[in-house]
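Participant: Shown below is the structure under consideration.
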Amino acid sequence: MDWTAEIKAAAARIQGHVVRTPVMKVDRSFGADHSIELKLEHIQHTGTFKARGAFNTLLSQKVPTAGLVAASGGNHGAAVAYAAHQLGHKARIYVPEMAGPAKVSLIREAGADLVVVPGAYSDALEQALAYETETGAMQIHAYDASGTVAGQGTVALEWEEQGLEADTVLIAVGGGGLIAGAMAWFDGRRRVIAVEPETSCALNAAIASSAPVDVDVSGVAANALGAKRIGQICYDLAVSTGTESVLVTDEAITRAQRALWQERRQLVEPAGATALAALMSGAYVPAPGEKVAVLLCGANIAPDPMQ
């Protein structure tokens, strides 16, 4: 697939439907003795990058009268519900019990038909697939679909348009849609480091096993990064680009989450702080003179700090 062309087309398609999120360069922050470039994608519609993939998919395909269906840990469902509402489509969203209340509220507020499923994301996906078969609704996969990946890849395209200088970009990984888009766009021109929680590490396990495998999922970021198995698109791109995965602890994630608020007044959920946690904890140590960037990907904290 010509990912460059797909991502450029996605960027043109979703223009006006998503936020061009700001960037920030910080010095002497987060315990680092070097500057760090940040992309503030957590202030995107519904609080994550996922609106990009949702809009790209809906704007590039004919939506059936049965509408849309998606399974989600919360953030993808909120993005699909928002995009569907904006474009006038009905949507049914399946989420696992572990989905945070802030994300569930976003889905409800967008007017989607919400179904909370006992168990984990894989259980929600099973029911969403059954609904698709039964009704003919269009399934929007959270991460392992070309339209989703191309949409998420517009983050990387946009960041370069905004003057990204980094040699290395750190990105949190759940199912792999966001990092797949970045790997596809950068295509080896910049180093991409996958950052995963120790207790939700589907890409790391796939790299170690030379194939996607099922993993157990738990931890503070599980409702956003808790994919049981990495997407095939992400895995294939990781192999072809030689992308490295590093692991961080829950304690490192929450420490980075606090630091983002205390030092830069950026409110992010645990998943949104996971990439920064790799730098703060030493899970990834830049070489002397290496320029690094961190993508802040999600803001849907549970419980909602403003309620």
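Participant: For the range 126-161, give me the residue count where each residue is farther than 24 Å from ALA277 by Cα and touching a strand residue (DSSP E or B) at 6+ places or on another chain (Cβ under 6 Å).
Facilitator: 8
Participant: If GLU126 passes every condition in (1) open to solvent by 40 Å² or more (accessible area, probe 1.4 Å); (2) part of a helix (DSSP H, G or I); (3) closer than 20 Å to ALA222 by Cα; (4) modelled with pLDDT under 90 but one, which one does it miss?
Facilitator: The one condition GLU126 does not meet is (4).
Participant: Let me ask something additional. Can we say SER200 is more than 24 Å from ARG20 (Cβ to Cβ), out of contact with any Phe, Trp or Tyr (no Cβ under 6 Å at 6 or more places or on another chain) and open to solvent by less than 20 Å² (accessible area, probe 1.4 Å)?
Facilitator: Yes, satisfied.
Participant: Let me ask something additional. Is it true that ARG13 is assigned to a loop (DSSP other than H, G, I, E, B) and out of contact with any strand residue (DSSP E or B) (no Cβ under 9 Å at 6 or more places or on another chain)?
Facilitator: Here the answer is no, as ARG13 does not meet what is asked.
Participant: What's the number of the condition GLY73 fails, among (1) assigned to a helix (DSSP H, G or I); (2) in contact with a helix residue (DSSP H, G or I) (Cβ under 6 Å, 6 or more places away or on another chain)?
Facilitator: Evaluating GLY73 over (1) assigned to a helix (DSSP H, G or I); (2) in contact with a helix residue (DSSP H, G or I) (Cβ under 6 Å, 6 or more places away or on another chain) leaves (1) as the failure.
Participant: Restricting to the range 6-53, what's the tally of residues that are among the polar types (S, T, N, Q) and at pLDDT below 95?
Facilitator: The number of residues fulfilling the criteria is 2.
Participant: Related question: Test ALA166 against the criterion of being in contact with a strand residue (DSSP E or B) (Cβ under 6 Å, 6 or more places away or on another chain), part of a strand (DSSP E or B) and open to solvent by less than 10 Å² (accessible area, probe 1.4 Å), and give yes or no.
Facilitator: No: the conditions fail for ALA166.
Participant: Before we move on, is ARG20 assigned to a loop (DSSP other than H, G, I, E, B) and of a type outside the set (A, V, I, L, M, F, W, C)?
Facilitator: Yes: the conditions hold for ARG20.
Participant: Name the residues in the range 225-251 that are within 10 Å of THR274 (Cα to Cα) and either in contact with a His (Cβ under 9 Å, 6 or more places away or on another chain) or surrounded by fewer than 23 Cβ atoms within 10 Å (Cβ to Cβ) (or both), would you?
Facilitator: Scanning the range 225-251 gives LEU247, THR249, ASP250.
Participant: Report, by residue number, each residue of the range 67-93 that is open to solvent by 10 Å² or more (accessible area, probe 1.4 Å) and hydroxyl-bearing (Ser, Thr, Tyr).
Facilitator: TYR82
The values are calculated or read from the model by the stated rules, or taken from the named source; none is laboratory data. This one's a predicted model, so the numbers in the text were calculated from it and none came from an experiment. Please note: Cβ atoms are built from the backbone with ideal geometry, for glycine as well, and neighbour counts cover all protein chains shown. Protein only, heavy atoms only, side chains kept; ligands, DNA and RNA dropped before computing areas. Shrake-Rupley method; radii C 1.70, N 1.55, O 1.52, S 1.80 Å.
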